[in-house]
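A short write-up of the structure that comes next.
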Amino acid sequence: MEVSIILRSKNEKNWLAYSLTEIYKQKFKKKFEVILVDNDSKDGTKEFIKNNFKKVKIINYKSKIFYPGESLNFGVKKSKGKFIAFISAHCIPKNENWLVTLYNSISRNKYIAGVYGKQEPLDFSSPQVVRELTYLFGNQKKIQKNDPFFHNANSMIKRSVWDKIKFNSEVLHIEDRIWANKVLNLGLKIIYQPKASVLHYHGVGHDSNFSRSLNISNLLRKEKIQEIKNERIIAMIAIKEPFILKNGDYLLNSLLNELCNLSFLKKIFIFCNDKKLPKKFNSKKVLFLKRHDSIDKDYLGSDYFLKESYKKFIKKKYMPSHILVVEEIYPLRPKNFFLKLKNEISNNFDSIVPFVKVLDHNLWKLNNETNSLEPLFKTTLPSKIVDHKVFKEIKGIGTLTRSEVFETSGRESDRIKPLFMHSKYDFRISKPIKIS
């Protein structure tokens with residue numbers, strides 16, 4: 001066994017769906033195994049892994065106090081690889097070369113003890129995280145002889161080095177940097193390889209000054225944004241089972257007619273396995289594609305399916321500047337809605353998202369730690385007097401997103417331009433029923 005990939009988790013079933021999907025897409029020609037060190041998860045993690053990722057070896061690690069070094073040592077003891085890769089359960093490899101990039105950075109030099117890769121925020125990561133990860137993980141490769149910074153959320157070490165120096169099993173934090181300091185004292189080296197990148201939704205530290213962090217994160221992101229000179233917009237619609245009206249027409253019919261009449265829309269891609277549907281629509285602007293089983297998994301969600309389909313079938317050939325995603329199950333839209341979306345395109349935003357005001361009072365949320373309900377907003381006063389200013393996204397009626405953001409996070413972004421709608425447009429057909 002050449003490489004063992006070890007993940008640590010506790011109640012991270014949803015994140016594991018993404019991280020493991022990307023791990024098994026790696027272009028790595030040598031043999032590797034995947035080990036999950038699970039700290040007594042209660043969210044169905046183990047059952048989910050057994051049903052969907054049967055190759056993963058699950059190791060139970062039960063501890064009232066979580067010692068990261070102890071759990072890593074526990075996983076390495078159960079592994080067989082000459083090289084050990086560590087990745088947090090909530091980290092997602094950014095591309096298919098993540099593993100081979102880590103491996104090539106460490107396997108060809110006997111003086112390299114470990115390599116760690118870049119961590120990048122997701123588009124819905126907090127401003128603090130954007131600032132922190134951008135500062136900590138730059139774009140220049142480094143060979144560290146004295147600097148003991150090392151991070152096990154995305155790293156690889158040699159088993160031969162671990163046999164001599166194991167991770168400290170008695171500390172609650174920085175077990176990775178303690179280990180790195182010891183190997184550097186032996187005359188070995190650490191490499192930082194930014195090309196081996198993962199997406200990490202939270203950072204390695206915290207900052208309570210939100211407004212200051214927001215300003216800094218916007219500046220950091222702004223530096224990366226290229227000004228859009230020529231808008232090239234395509235639309236994507238994902239359908240599992242098309243809705244058929246009482247008269248036999250498809251519910252999709254009126255939506256497609258409206259989209260086909262938009263002069264700024266270059267192409268409309270419909271992902272659906274219904275064989276009759278393409279025969280109902282005859283337009284050069286519309287292209288029907290099958291939903292591929294490899295990326296069409298319920299546990300990964302619609303945005304994952306859309307962004308992976310975009311990268312696989314659309315990106316290279318059409319090179320759009322923006323992606324318009326529309327859901328068939330939202331039949332109501334304001335007049336000239338799509339034109340309004342298009343007119344809001346700006347370098348100041350990644351996504352243009354419709355919002356409606358939540359008119360309900362007495363809203364509660366569940367505290368997962370205490371398993372108890374906590375009031376989000378509660379009052380006995382009438383709505384004419386009290387305005388709690390709570391809004392919800394209704395992305396399904398139409399969301400416009402920059403393509404470079406879309407291929408990473410789908411429609412998710414914190415740099416959004418809200419379009420406020422009347423609450424009547426928050427109407428969704430929830431299951432395939434015949435309507436008149």
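The values are calculated or read from the model by the stated rules, or taken from the named source; none is laboratory data. None of these values were measured; they are calculated from a predicted model. Don't worry about glycine lacking a Cβ; one is built from the backbone with ideal geometry, like all the others, and counts go over all protein chains shown.
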- Message: For the structure I just gave you, tell me whether Glu170 is in the same structural domain as Asn11 (by TED's automatic domain parsing), in contact with a Gly (Cβ under 7 Å, 6 or more places away or on another chain) and either surrounded by fewer than 19 Cβ atoms within 10 Å (Cβ to Cβ) or in contact (Cβ under 8 Å) with a residue 40 or more places away in the chain (or both).
- Response: no
- List the number of the failed condition for Ile65; all other conditions in (1) surrounded by fewer than 17 Cβ atoms within 10 Å (Cβ to Cβ); (2) part of a helix (DSSP H, G or I); (3) of a type outside the set (Lys, Arg) hold. (2)
- Go through the residues of region 83-94 one by one and say whether even a single one is under 18 Å from the mean Cα position of the chain (by Cα) and charged (D, E, K, R). yes
- Query: So, in region 302-352, of the ones that are among the hydrophobic types (A, V, I, L, M, F, W, C), closer than 14 Å to Val405 by Cα and at pLDDT 90 or above, which residue ends up surrounded by the most Cβ atoms within 10 Å (Cβ to Cβ)?
  - Reply: Ile323
- Of all residues in region 309-353, how many are in contact (Cβ under 8 Å) with a residue 12 or more places away in the chain, within 18 Å of Lys267 (Cβ to Cβ) and part of a helix (DSSP H, G or I)? 12
- Does Ala85 count as among the small types (Gly, Ala, Ser), modelled with pLDDT under 95 and buried (at least 22 other Cβ atoms within 10 Å of the Cβ)? no
- Could you say whether any residue in region 188-199 is over 28 Å from Leu20 (Cβ atoms), outside any helix (DSSP H, G or I), of a type outside the set (Lys, Arg) and at pLDDT 90 or above? yes
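Yes/no matrix, rows are residues, columns are (1) polar (S, T, N, Q); (2) modelled with pLDDT of 90 or more; (3) not assigned by TED's automatic domain parsing to the domain that holds Phe406:
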| residue | (1), (2), (3) |
| --- | --- |
| Val115 | no, yes, yes |
| Asp123 | no, no, yes |
| Arg131 | no, no, yes |
| Gln144 | yes, yes, yes |
| Ala153 | no, yes, yes |
| Ile157 | no, yes, yes |
| Val161 | no, yes, yes |
| Lys166 | no, yes, yes |
- Task: Go through Lys29, Lys62, Lys54, Lys78 for me and flag whichever is within 24 Å of the chain's Cα centre (by Cα) and assigned by TED's automatic domain parsing to the domain that holds Asn152.
- Result: Lys54
- Task: For region 406-423, name all the residues that are over 18 Å from Leu300 (Cβ atoms) and out of contact with any Pro (no Cβ under 9 Å at 6 or more places or on another chain).
- Result: Ser413, Arg415, Ile416, Lys417, Ser423
- Message: If a residue counts only when it is more than 25 Å from Val37 (Cβ to Cβ) and among the basic types (Lys, Arg), which strands (runs of 3 or more DSSP E) contained entirely in region 85-163 have at least 1 such residues?
- Response: 142-144
- Message: Looking only at strands (runs of 3 or more DSSP E) that lie completely in region 1-60, which have at least 2 residues being surrounded by fewer than 22 Cβ atoms within 10 Å (Cβ to Cβ) and in contact with a strand residue (DSSP E or B) (Cβ under 8 Å, 6 or more places away or on another chain)?
- Response: 32-38, 57-60
